[in-house]
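Worksheet: one structure, shown below.
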Amino acid sequence: MAGSSGLTAIISGGASVLIDSGRRFALHINNYPKFSDFAEENKLFEGDKKRIDEILNQEILILNFKIKDSKQRQGTSYATIQFRQDDKNYIIFTGSEVIIDQLSKYKDNMPFYAVIKKIDKYYTFA
């Protein structure tokens, strides 16, 4: 069937396939989810990177986080934290066990405002 945009639609196996200049585009007409709709590893945080020292003692809005095993230091983890400051999204990385524990413990309260403090040799939310 020819569409008004000059594309040709072919119905095959439960999906509409549009062809334009030799390219194929599948349009799903069933209710099955796409992998990208639920896959955690594909969801990247948007925002410029900052160093944790750049935001010490400043209030930020914690939006999201991921905890992964460190490739740099065997047997340790690190957190990627997405936050908002001054109406802009940023991300930081930290291996702080205290912050990782706090993120895990209070994840159901997200998003939340926090201030990152450095106490002696470790970082913590306040």
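The table for this structure:
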read-out	value
Checklist (1) on the phi > 0 side of the Ramachandran plot; (2) without any contact (Cβ under 8 Å) to a residue 12 or more places away in the chain applied to residue 69, failing item	(1)
Selection within region 107-116 - farther than 14 Å from residue 79 by Cα and either exposed (fewer than 13 other Cβ atoms within 10 Å of the Cβ) or within 18 Å of the chain's Cα centre (by Cα) (or both)	108, 109, 110, 111, 112, 113
Residue count for region 100-117, restricted to those that are charged (D, E, K, R) and touching a strand residue (DSSP E or B) at 6+ places or on another chain (Cβ under 6 Å)	1
Near pairs, Cβ below 9 angstrom, 6+ apart or cross-chain, from region 93-107 (on the phi < 0 side of the Ramachandran plot and assigned by TED's automatic domain parsing to the domain that holds residue 55) to any residue that is charged (D, E, K, R) and surrounded by fewer than 13 Cβ atoms within 10 Å (Cβ to Cβ)	93/49; 93/51; 95/73
Subset of region 50-69 [surrounded by fewer than 12 Cβ atoms within 10 Å (Cβ to Cβ), within 18 Å of residue 122 (Cβ to Cβ) and under 20 Å from the mean Cα position of the chain (by Cα)]	51
Listing of strands (runs of 3 or more DSSP E) fully contained in region 6-79 that carry 1 or more residues being at pLDDT below 70	8-12, 15-20, 23-28
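The values are calculated or read from the model by the stated rules, or taken from the named source; none is laboratory data. Nothing here was measured: the structure is a model prediction, and the numbers come from that model. Counting neighbours? That spans all protein chains shown, and the Cβs are built from the backbone with ideal geometry, glycine included.
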